[in-house]
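Engineer: The structure's right below; bear with me while I get my questions together.
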């Protein structure tokens with residue numbers, strides 16, 4: 001009886017909150033799971049989608065090909081889908097060959113500053129409560145770090161780490177005090193993960209370091225919290241670019257502290273918690289959601305099962 005009452009008291013309620021989730025382009029990844037959890041908790045959700053994926057994503061959404069169902073019987077409804085390429089801060093940063101690319105030529109307003117400006121125009125100052133950074137890209141991720149080019153390395157840091165700094169810089173002034181920023185990291189920030197190359201491990205390490213310093217700086221400046229979730233591997237469509245994703249998932253399944261692997265919804269639920277008043281005292285944190293894999297120091301298959 002007591003636990004039922006306590007559960008009701010501590011339910012996650014984000015009604016009246018507005019979230020912007022950057023990096024949603026499919027329904028099998030962590031970004032979508034976070035959208036689902038935030039929507040289920042009552043938040044209004046806007047998303048930013050990479051321009052080369054925008055048409056196929058919006059078309060799939062219109063045709064009902066994406067899993068928009070919520071556990072309570074409701075449905076995910078986006079306030080707005082914005083084109084967003086987080087490699088570019090302002091229109092002046094976009095090279096001519098990108099502007100003229102067939103996937104970009106009919107689009108405007110897809111730089112970080114322009115999306116922040118459009119969000120301000122659509123909803124006004126102080127209109128945002130939650131900012132989610134679900135962005136990562138390393139063009140040479142399948143190369144060993146020792147073989148990675150300078151351009152590939154810097155591209156990974158630009159898209160996967162600096163993009164968080166730029167988004168907080170430009171979206172922070174739109175956020176209400178008590179708001180929350182979260183991003184997605186991975187254990188390669190802390191441990192050597194063979195096959196996760198191209199500077200991506202360096203980018204995740206930068207993301208976690210930036211989370212700590214941003215938590216202090218914007219906590220004092222705007223009263224918002226900044227955290228990151230270090231999630232285990234997920235065999236989403238986007239993650240296939242890593243090349244070894246299926247092997248990584250299988251290894252976690254065998255060697256995590258808890259049997260099996262975490263689900264996308266596990267990460268979504270954690271994100272909703274971190275964005276809620278229940279996490280009001282948490283900032284600058286890297287929270288592992290990986291079935292306890294990060295705590296292990298030896299492969300399980302060489303040890304007897306505990307009794």
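The values are calculated or read from the model by the stated rules, or taken from the named source; none is laboratory data. Small disclaimer: the values here were computed from a predicted structure and weren't measured. Backbone-built Cβ (ideal geometry, glycine too); neighbour counts: all protein chains shown.
Engineer: Taking the options 29, 48, name whichever one is over 22 Å from residue 106 (Cβ atoms) and either under 13 Å from the mean Cα position of the chain (by Cα) or at pLDDT 95 or above (or both).
Structural biologist: The match here is 29.
Engineer: Where in the range 186-282 are the helices (runs of 4 or more DSSP H), entirely inside, with at least 2 residues that are touching a strand residue (DSSP E or B) at 6+ places or on another chain (Cβ under 6 Å), at pLDDT 95 or above and buried (at least 18 other Cβ atoms within 10 Å of the Cβ)? Give the steps one after another, and end with the answer.
Structural biologist: Details: elements: 200-221, 245-255, 264-274.
Answer list for the range 186-282: 200-221, 264-274.
Engineer: Sort through 142, 169 and tell me the only one that's modelled with pLDDT under 95 and either surrounded by fewer than 20 Cβ atoms within 10 Å (Cβ to Cβ) or within 17 Å of the chain's Cα centre (by Cα) (or both). Working first, answer last.
Structural biologist: Numbers: 169 fails: modelled with pLDDT under 95.
Selected residue: 142, the only one of 142, 169 that is modelled with pLDDT under 95 and either surrounded by fewer than 20 Cβ atoms within 10 Å (Cβ to Cβ) or within 17 Å of the chain's Cα centre (by Cα) (or both).
Engineer: Filter the range 140-160 for residues that are closer than 30 Å to residue 37 by Cβ and in a loop (DSSP other than H, G, I, E, B) and give the result.
Structural biologist: Passing the criteria: only 141.
Engineer: Please find, among 155, 159, 192, 180, the residue that is under 15 Å from the mean Cα position of the chain (by Cα) and over 24 Å from residue 282 (Cβ atoms).
Structural biologist: Result of the check over 155, 159, 192, 180: 159.
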